[in-house]
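Take a look at the structure set out below.
Each value in this text was obtained by applying a stated rule to the coordinates, not by laboratory testing. Just so it is clear, the model here is predicted, and its values are computed rather than measured. Ideal geometry is used to build each Cβ from the backbone, glycine not excepted, and the neighbour counts take in all protein chains shown.
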Ligand code: TRP
């Protein structure tokens, strides 16, 4: 069977290091593994509009930013099709048919939807489009016949809902849609990176993100101001590594090579953690090391960003060509769907009978 990846991000802001370890890095690895026949990476502007209807300019402004983030992380337009969701209207039509296969109470029980409704204080004023976005996401995935969907763990309920729609569709109309598998990041600590303030999630509105597009100096300042163990006041005090953002980031970003290069007096992360726990290791030293690890990870990304920032017309063409390719694929699936549902009225003269 053809191996196909579909995944994407809402363009509501620049992407941050949480997106990077939680999903972008994995995508690049999968892209370069050579195991996939087709890879589609979608800028989910239509989904972003479901809770930004009054601010389409915010979504618009971030399309190029997210495209630059993708290219700078190493997504390669020769290998991956980068496209914009709303430029593929077939996705909307699929959504409309899938809506009939899902109950309102099922969407209400979707944990991601629940959490997002709470986060946005929607309560009694949930936009219908927002409510339906898990269904639209199933359309995104199935339109490309994705076999693999690399995402962060917050998307698990979306994938479950998608699989239910696939099974329901195939049961009602006959085997048509492809059942997708979720691919989560390999490193456990990458499942969710906290904000630099120690809050559970990095989010633009909380102002606690390290962005992929931050300068070297921005990153250094943010790391040096990071929240650590509030009870670790003096260097001699024993410290806590569990729940300590600096150590969570080290779990995600440090590598044996970085110890050899930047902190050779420690054999690795376990020894560093043990020293911190027993006392005698200051936060500044750990943060300086984290900064070097992060800078080492981000330097190639920054370099590629500088390259693409100077070539906006090329980025524009990459997206435009990507949208065309994506639309062709989605149109073929939509044809299969309409045929399965027998709403392909003019494909032959059966309607006359
Ligand atoms: N929901 C994803 C996010 O919040 C974006 C997205 C839209 C997506 N459609 C998708 C991800 C399909 C994976 C598959 O960023």
Open item on the list: Tell me the angle of helix 133-143 to the major Cα principal axis of the chain, expressed in degrees between 0 and 90 and rounded to the nearest ten.
Closed with: 70
- [ ] Order the peptides 163-176, 78-91 from the highest to the lowest mean number of other Cβ atoms within 10 Å of their residues.
- [x] 78-91, 163-176
Open item on the list: Cβ neighbours within 10 Å, averaged per peptide: list 202-214, 65-77 in order, most packed at the top.
Closed with: 65-77, 202-214
TODO: Rank these for me by crowding, 314, 93, going from fewest to most other beta carbons within 10 Å.
DONE: 314, 93
Task: Residues 247, 144 arranged by fewest to most Cβ contacts within 10 Å - done: 247, 144
TODO: With a Förster radius of 56 Å, plug the Cβ-Cβ distance of residue 347 and residue 265 into 1/(1 + (r/R0)^6) and report the FRET value to the nearest 0.05.
DONE: 0.20
TODO: Using the number of other C-beta atoms within 10 angstrom as an exposure proxy, rank 270, 251 with the fewest first.
DONE: 270, 251
Task: Whole-Å distance, taken between Cα centres, linking segment 195-249 and segment 22-72 - done: 26
